[in-house]
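Novice: What follows is a structure written as structure tokens; I'll ask about it next.
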Amino acid sequence: MPPLRTALLQSSGRPGAVAENLKVLDEAAARAAASGARLLVAPEMFLTGYAIGDAVPELAEPADGPGARSVAEIAERHGLAVLYGYPERDGERIFNASQLIGPDGASLANYRKTHLFGCFEQEWFTPGEQAVVQADLDGIRIGLLICYDVEFPENVRAHALAGTDLLLVPTAQMHPFQFVAESVIPVRAFESQMYVAYVNRTGPEGEFEFVGLSCLAGPDGTVRTRAGRGEELVVGEVDPEFLAASRTANPYLHDRRPGLYGSLA
């Protein structure tokens with residue numbers, strides 16, 4: 001299989017302005033497609049903005065709502081898959097969610113954040129209950145987490161055991177936790193033998209200061225592409241042949257002894 005060219009959109013768009021954020025996503029999709037990318041990943045809560053406070057209930061929408069339909073049109077028009085974050089309404093409950101739309105405009109997967117960070121998220125969102133959500137794109141098994149989820153090694157290992165090749169992590173990583181982007185993400189990729197695309201917001205937003213530093217880390221623990229602190233679109237490749245060779249050379253998953261780890265659960 002050829003490498004999966006993957007574009008990371010580091011942007012906060014305009015909080016509270018869905019139409020403006022869709023325009024930013026459309027422009028990024030055009031640039032990503034022109035670079036040969038087959039997948040574009042946007043940050044956590046990109047559709048609406050993250051620091052939207054009391055507007056969460058107003059801006060939340062179903063997984064098949066108008067925002068999803070607009071993203072589907074963008075994906076189909078540019079011929080690439082798009083992963084975006086949004087507040088998902090399901091009855092009276094609201095989830096911090098991300099959805100992967102395929103190049104044909106069809107929904108491939110929808111994931112609800114399982115580990116909520118801080119007072120803002122815990123006030124407005126219900127935690128998801130499905131740990132591993134996956135989809136296939138061009139022969140690559142893609143898994144979904146959101147921000148704080150990836151800081152729990154159990155989450156990433158669960159994806160590794162389920163066969164995830166590329167873990168997509170839309171995030172809203174804020175100061176002073178930039179060490180997660182700089183150090184934790186490459187380690188997660190190495191210890192669970194997968195690619196990890198960690199895609200952040202950037203700049204001030206409400207009470208938060210997002211640090212950027214989006215990256216695509218490989219299974220050897222090296223960063224294939226890294227954004228700076230500002231608005232940026234960076235592109236890297238997920239190489240299935242390199243991944244297979246790395247898994248052979250680094251047999252963490254094979255050498256596990258699950259019988260010793262029962263107390264962890």
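The values are calculated or read from the model by the stated rules, or taken from the named source; none is laboratory data. Quick caveat: nothing in here was measured; it's all calculated off a predicted structure. Please note: Cβ atoms are built from the backbone with ideal geometry, for glycine as well, and neighbour counts cover all protein chains shown. The area values use the complete protein model at the heavy-atom level, side chains included, leaving out ligands, DNA and RNA. Shrake-Rupley method; radii C 1.70, N 1.55, O 1.52, S 1.80 Å.
Novice: Would you pick out the residues in the stretch 131-153 that are crowded, with 21+ Cβ neighbours inside 10 Å and in a helix (DSSP H, G or I)?
Specialist: C147, Y148, D149, V150
Novice: What about G128, is it free of Cβ contacts under 8 Å to residues at least 40 places away in the same chain, open to solvent by less than 40 Å² (accessible area, probe 1.4 Å) and within 23 Å of L166 (Cβ to Cβ)?
Specialist: yes
Novice: For E58, which of the numbered conditions (1) touching a strand residue (DSSP E or B) at 6+ places or on another chain (Cβ under 9 Å); (2) more than 24 Å from V211 (Cβ to Cβ); (3) open to solvent by 50 Å² or more (accessible area, probe 1.4 Å) fails to hold?
Specialist: Tallying (1) touching a strand residue (DSSP E or B) at 6+ places or on another chain (Cβ under 9 Å); (2) more than 24 Å from V211 (Cβ to Cβ); (3) open to solvent by 50 Å² or more (accessible area, probe 1.4 Å), E58 fails exactly one: (1).
Novice: Any residue at all in the stretch 239-254 that's assigned to a helix (DSSP H, G or I), among the polar types (S, T, N, Q) and exposed (fewer than 12 other Cβ atoms within 10 Å of the Cβ)?
Specialist: yes
Novice: Still on this structure, I have one more. Having 1 or more residues that are β-branched (V, I, T) and in contact (Cβ under 8 Å) with a residue 40 or more places away in the chain is the bar; report the strands (runs of 3 or more DSSP E) wholly within the stretch 154-231 that clear it.
Specialist: Ranges flagged: 195-199, 202-205, 223-226.
Novice: What residue, of L116, L100, L145, L137, is without any contact (Cβ under 8 Å) to a residue 40 or more places away in the chain and touching a strand residue (DSSP E or B) at 6+ places or on another chain (Cβ under 6 Å)?
Specialist: L145
Novice: From F242, F190, which residue is in contact with a Gly (Cβ under 6 Å, 6 or more places away or on another chain) and either within 17 Å of I142 (Cα to Cα) or not aromatic (F, W, Y) (or both)?
Specialist: F190
Every residue, every condition in (1) hydrophobic (A, V, I, L, M, F, W, C); (2) at pLDDT 95 or above; (3) open to solvent by less than 30 Å² (accessible area, probe 1.4 Å), yes or no:
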position: A162; (1), (2), (3): yes, yes, no
position: D165; (1), (2), (3): no, yes, yes
position: V169; (1), (2), (3): yes, yes, yes
position: V180; (1), (2), (3): yes, yes, yes
position: I185; (1), (2), (3): yes, yes, yes
position: Q193; (1), (2), (3): no, yes, yes
position: R201; (1), (2), (3): no, yes, yes
position: E207; (1), (2), (3): no, no, no
position: G212; (1), (2), (3): no, yes, yes
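Novice: Using beta carbons and a limit of 6 Å, which pairs, at least six apart or on different chains, have the first residue in the stretch 6-24 and closer than 30 Å to P240 by Cα and the second one acidic (D, E)?
Specialist: So the pair list comes out as Q10/E232; S11/E231.
Novice: As an exercise: evaluate S11 against (1) out of contact with any Asp or Glu (no Cβ under 8 Å at 6 or more places or on another chain); (2) open to solvent by less than 10 Å² (accessible area, probe 1.4 Å); (3) farther than 20 Å from Y111 by Cβ and give the number of the one condition it does not meet.
Specialist: The single condition S11 does not satisfy is (1).
Novice: I've got another one for you. Can you go through V234, V223 and tell me which one is open to solvent by 10 Å² or more (accessible area, probe 1.4 Å), among the β-branched types (V, I, T), over 19 Å from K113 (Cα atoms) and touching a helix residue (DSSP H, G or I) at 6+ places or on another chain (Cβ under 8 Å)?
Specialist: None of the others qualify; the one that does is V223.
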